[in-house]
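Report on one structure; see the data block that follows.
Rule-based calculations on the coordinates, nothing more; no lab input. Because the structure is predicted, anything quoted here is derived from the model rather than measured. When we count neighbours, we look across all protein chains shown, and the Cβ atoms used for this are built from the backbone with ideal geometry, even at glycine.
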Amino acid sequence: MRKPLQDIGYKYVKAILQKDGEISIEDIKSMPFFNDDSEYNAVINSLKREYDVKIISKKTSSWPILEWEEVISLCH
């Protein structure tokens, strides 16, 4: 059974995804609603089931040090 705080977190993640069209996995991990890996992985799996999404790697910085992050993006 999911806790009320986790439900709020899931609704928050869905709202960001719907508004922006994407959300990074690191952003989901850093939210205070989820205590461990299994909780945010459950959120990611729920998003995959509920929406047509893809997980992509997105560049967040440029040369000389390239940084990438995984992003959940809505398929249009």
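Near K58, which aspartates and glutamates are there with a Cα under 20 Å away, not counting those fewer than 8 places off in the same chain?
Leaving aside aspartates and glutamates fewer than 8 places away in the same chain, those within reach of K58 are D20, E22, E26, D27, E67, E69, E70.
Dipole size in debye (nearest 20) for the chain around its Cα centre, Lys and Arg Cβ +1, Asp and Glu Cβ -1? If you can, show how the numbers build up before the last one.
Working: 11 positive and 13 negative charges, 52 e Å.
So the dipole magnitude of the chain works out to roughly 260 debye.
What length, rounded to one decimal in nm, is gained on full extension from E50 through to H76, with 0.36 nm per residue of separation minus their alpha-carbon distance?
On the way: separation 26, 0.36 × 26 = 9.36 nm, distance 1.46 nm.
Between E50 and H76, full extension yields 7.9 nm more.
Going by amide H atoms built from the backbone, whose H comes under 5 Å of the H on V53, apart from near neighbours?
Here the answer is C75, since their amide H atoms fall under 5 Å of that of V53.
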